[in-house]
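Enquirer: Submitted below is the structure of interest, expressed as structure tokens.
Each value in this text was obtained by applying a stated rule to the coordinates, not by laboratory testing. Everything numeric here is computed off the predicted structure, so don't read it as measured data. No Cβ is skipped: glycine too gets one built from the backbone with ideal geometry, and neighbour counts run over all protein chains shown.
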Amino acid sequence: AGYLVDAEQPDKGVVFNGRVAEDFKLSSGSWVSVGTLRVELVSQLAPLVQDIVLTGHDRDEVGMLVFPSAAGAADAARLEQALQAVMRARRDAGAGSSQCPTRAMVLDMAPDADAGEITDKGYINQGAVLSRRAAAVQALYAHPAAPGVIRA
């Protein structure tokens with residue numbers, strides 16, 4: 001997906017705005033723009049997070065599967081506090097449901113390139129991670145909350 005740099009002067013070009021194929025709808029019908037939200041969250045959680053995969057397709061809430069960086073893995077308590085703080089800050093700022101993750105799970109295994117979780121260009125493959133780690137997604141949304149689920 002993309003948009004014009006200047007709608008009145010299309011010759012100025014198009015700005016890349018994420019991969020539409022990764023976007024999904026919540027049960028409310030709200031679209032989650034995965035590329036945009038993922039980049040914002042990774043930036044807000046730097047240097048504790050290597051990458052994030054967003055969850056929530058046909059669910060009420062956005063969730064995060066979090067791949068910690070070396071710093072985040074070394075200080076799990078700091079990473080948990082940072083995740084809670086980012087989720088609360090987005091909620092308190094009035095971010096809508098499609099922009100406001102409410103739950104997270106820190107994964108203990110890095111993305112596996114051999115399993116297709118990393119593309120040839122070095123990007124996270126959202127679909128492959130969600131498919132390969134379906135049990136983690138189920139645990140993320142379990143009621144009552146599964147061990148390891150971090151809530152805002």
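Enquirer: Of the labelled options [x] 19.1, 57; [y] 16.0, 53; [z] 25.7, 72, which one gives Rg and Dmax of the Cα atoms in Å as computed for this structure?
Expert: Checked against the structure: label [y].
Enquirer: What whole-number distance in Å separates the alpha-carbon centres of the range 108-130 and the range 28-45?
Expert: 18
Enquirer: Okay, moving on. Please tell me the relative contact order of the range 46-123 in percent, rounded to the nearest whole number, where contacts are Cα pairs under 8 Å and at least six residues apart.
Expert: 31
Enquirer: For a protection proxy built on the mean count of beta-carbon atoms within 10 angstrom, sort 106-114, 43-51 highest first, please.
Expert: Highest to lowest by the protection proxy: 43-51, 106-114.
Enquirer: Taking θ = phi - 60°, what integer Hz values does the Karplus form 6.51 cos²θ - 1.76 cosθ + 1.60 yield along the range 105-111, in sequence order, with x for Gly and Pro?
Expert: 9, 8, 8, 9, 10, 5, x
Enquirer: Label-point separation (nm) for ALA139 and ALA95, each offset 7 Å from Cα along Cα-to-Cβ?
Expert: Rounded to a tenth, the inter-label distance reads 2.4 nm.
Enquirer: If you take the beta carbon distance between MET109 and ARG151 as r and set R0 to 22 Å, what does 1/(1 + (r/R0)^6) give as a FRET efficiency, to the nearest 0.05?
Expert: The value I calculate is 0.50.
Enquirer: In addition: Could you order peptides 87-100, 52-65 by the average number of other Cβ atoms within 10 Å of their residues, highest first?
Expert: 52-65, 87-100
Enquirer: Further, regarding this structure: Helix 34-44 versus the longest principal axis of the chain: what is the Cα-based angle in degrees, 0 to 90, to the nearest 10?
Expert: Between helix and principal axis, roughly 60 degrees.
Enquirer: Sticking with this one: I want the local charge near ARG88. Using Cβ-Cβ distances under 13 Å, sum +1 for each Lys or Arg and -1 for each Asp or Glu among the other residues.
Expert: Result for the neighbourhood of ARG88: +2.
Enquirer: Using the basic label-point model (7 angstrom from Cα toward the beta carbon), what is the ASP11 to ARG59 distance in nanometres?
Expert: Placing both labels 7 Å along Cα→Cβ, they lie 4.9 nm apart.
Enquirer: Still on this model: At 222 nm, what helix-only mean residue ellipticity would the chain give, in deg cm²/dmol to the nearest 500, using -39500 (n - 2.57) for each DSSP H run of four or more?
Expert: When only DSSP H runs of four or more count, the value is -9000 deg cm²/dmol.
Enquirer: Rounded to whole Å and ordered largest first, report the semi-axes of the equivalent ellipsoid of the range 73-152 derived from its Cα gyration tensor (root of 5λ).
Expert: Listed largest to smallest, the semi-axes of the range 73-152 are 24, 15, 14 Å.
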